[in-house]
Amino acid sequence: MRRLQVRFRTKLFITYLLLVSLPLFVLGYLSYHQYEKSIERNVGEYVPAILNQANANIDKYLSELVSIPDVVTRSGEVMAILRKNEPDRVSIKEQEAFAVQSYLANNIVNGGHQDVIAVFIQTKNRVYSSSRLNFQGNAFMQEKNPFQQEMDLQGNLLFVPPERLKLVFENNQPYISIYKQLYDAENMNPLCTVLLIVSLDEISKICNRIPIAKNGMVLLNNEAGQTVFNSYNEFISKVGTSDIKLSKGTSEFKINNERMMVSADKSEYTNWTLATINPIKELMKETIGIRNFTIAIFTICLIVSALISIFLSQTVTSPIRSLQLLMREVEKGNFHVSIPVHQTDEIGELGNSFNHMVERIQALVKRVYQEELRQKEAELIALQSQINPHFLYNTLESIQMVIENDDGETASTMISALCHMLRFTARRGDIVNIGDEVKHITDYLYIQKMRYGKRCQYVIDMDPNTVHFFTPKFILQPLVENAIRHVVEKTNMPTQIMVTICKIDDGIQLLVQDNGNGISWEKLQKLQGKLQGEQQTDQRYGIGLLNVHSRIQLLYGIDYGLTVTSIEGAGTSIKVRIPYITEQSK
């Protein structure tokens, strides 16, 4: 009997229709009304009660702070100083100021209340202060200064926002300012005005204990609508304005196209308003009833879907999973994989196509790699052969001139250096010891120095710890030749060439620097484009550097290679980065 063949598209349609559409439709339809009622009940009853309790805690805390300035009236010495109207000598005023400030520091700032940051006292003609933190600015407002003697607070509290004081404490410490007027017990006349600076730490702790939904916000505004504390949230850009009316109770607003539930409670003691602003969609997640209801519906839908998907899961998910794992292997560069095909539907066709594709990619990669390798080997051979005609001719001519000057020792050294270079060039293999590469470039630079004299100066700095590692052959010579050709030959000024070999975090760095005129911005952009694989119309510049860069990346990957930096008029720096190459891994 012929096996029933069902197309892959039909299988996906049936599976997703039953497993996704049915549960979501039932869940969304049955939970909608329950969701609306749950939000209104939780926010409308639970949150305002919590806000009322938090407001009570804030009122209790502030009432404790308001009693702190009364400590001043317990010192007869301080009261006597504050009663003075006539100015004294400077020395006496300084003594009195020291006495008052010491009393303030010992009994208020460094007293039992750790939240007090600073305290200021102003009489009709003098000002005293003590502070725990350094501050900048003036504590006195320019308009309607509450420290003026004629101002009568009549026993009321006065809270002034920090921006009106223009007073900034160390580390931008947030604070609230409390004004209280003290009266002389002898005549009940206003004696002084006290400004108490208190940190927001305790108020922040009280507000942060208020439970809110994810992406929700707690807000505390004073009676003028100015924000005392808020836990800033990305959904809310303006609070305490006409956009949101913080009235007692619970209401709904739309902020930044997001439906928000706002609950507020006002303190009769401070006239401050404490509010929470919660996204309605987040509040839904907090509703236990909805959660339980959703779980029940989801469980029923899951059972129904599971029964239907039993006979489909093996034929649909298993081949797709196998294909997915094999694709990841291909992404890592492993092309020796194939998927067994036992079906004739779309999955079977996809498996066959995948196997053919991997085989084709493997063949193409092998062919391209071999072609690239042959090309780089040819370029290396061409690079090695460059030493024969032009450089050899110039070197022999320089040796002849040295001999004519009867400097046999220099001529012998030059001949020895040339022999070492020719021997190094004739050596087989594309990987050499870093020490041999450095010796080769040292001989090369010595010969060039003998040819150009003071115009060619060089320094080679090699980390001894790199001598046991290996490097591709002829890495440094094209870099140094670049400096000779474009700097030494084109200027009569002394040129300094610096060759540095050192270890870095993930390999070895070979650096060639010169102090020439640098590369123009246009040429540098073209050269960097070539190194990044861009096609350029001008192929005359940077061939040697491009060869070095291509060889390294072909051998070790795109994480390694050559980078060029240059500032016109300030020299050029060519940096080569290669991995740690040991004798076993070369």
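Bear in mind these aren't lab numbers, they're just calculated from the coordinates by the rules spelled out. Keep in mind it's a predicted model, so treat the numbers as computed, not measured. Here the Cβ positions follow ideal geometry from the backbone for every residue, glycine too, while neighbour counts run over all protein chains shown.
Tabulated values for the structure
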{"item": "Highest-first arrangement of 553-560, 454-461, 468-475, where packing means the average Cβ count within 10 Å", "result": "468-475, 454-461, 553-560"}
{"item": "Among the listed pairs LYS439/LYS530; LYS454/LYS503; LYS180/LYS214; LYS332/LYS526; LYS439/LYS575, those beyond 28 Å (Cα-Cα)", "result": "LYS439/LYS530; LYS454/LYS503; LYS180/LYS214; LYS332/LYS526"}
{"item": "Fewest-first ranking of GLU437, GLU522, GLU94, using other Cβ atoms within 10 Å as the exposure measure", "result": "GLU522, GLU94, GLU437"}
{"item": "Potential extension, GLN226-ARG427 segment - 0.36 nm per residue separation minus Cα distance", "result": "64.1 nm"}
{"item": "For the range 408-552: rounded, prolate or oblate by the Cα gyration tensor [a/c cutoff 1.5]", "result": "oblate"}
{"item": "Farthest positive-ward along the range 430-573 dipole, Cα basis, beta-carbon charges - from ILE552, HIS486, ASN465", "result": "HIS486"}
{"item": "Relative contact order computed over the range 386-578 (Cα-Cα under 8 Å; 6+ residues apart), in percent", "result": "17 percent"}
{"item": "Karplus 3J(HN,Hα) series, Hz, for the range 268-278 with 6.51 cos²θ - 1.76 cosθ + 1.60 (x for Gly, Pro)", "result": "6, 7, 10, 6, 7, 10, 9, 9, 10, 10, 10"}
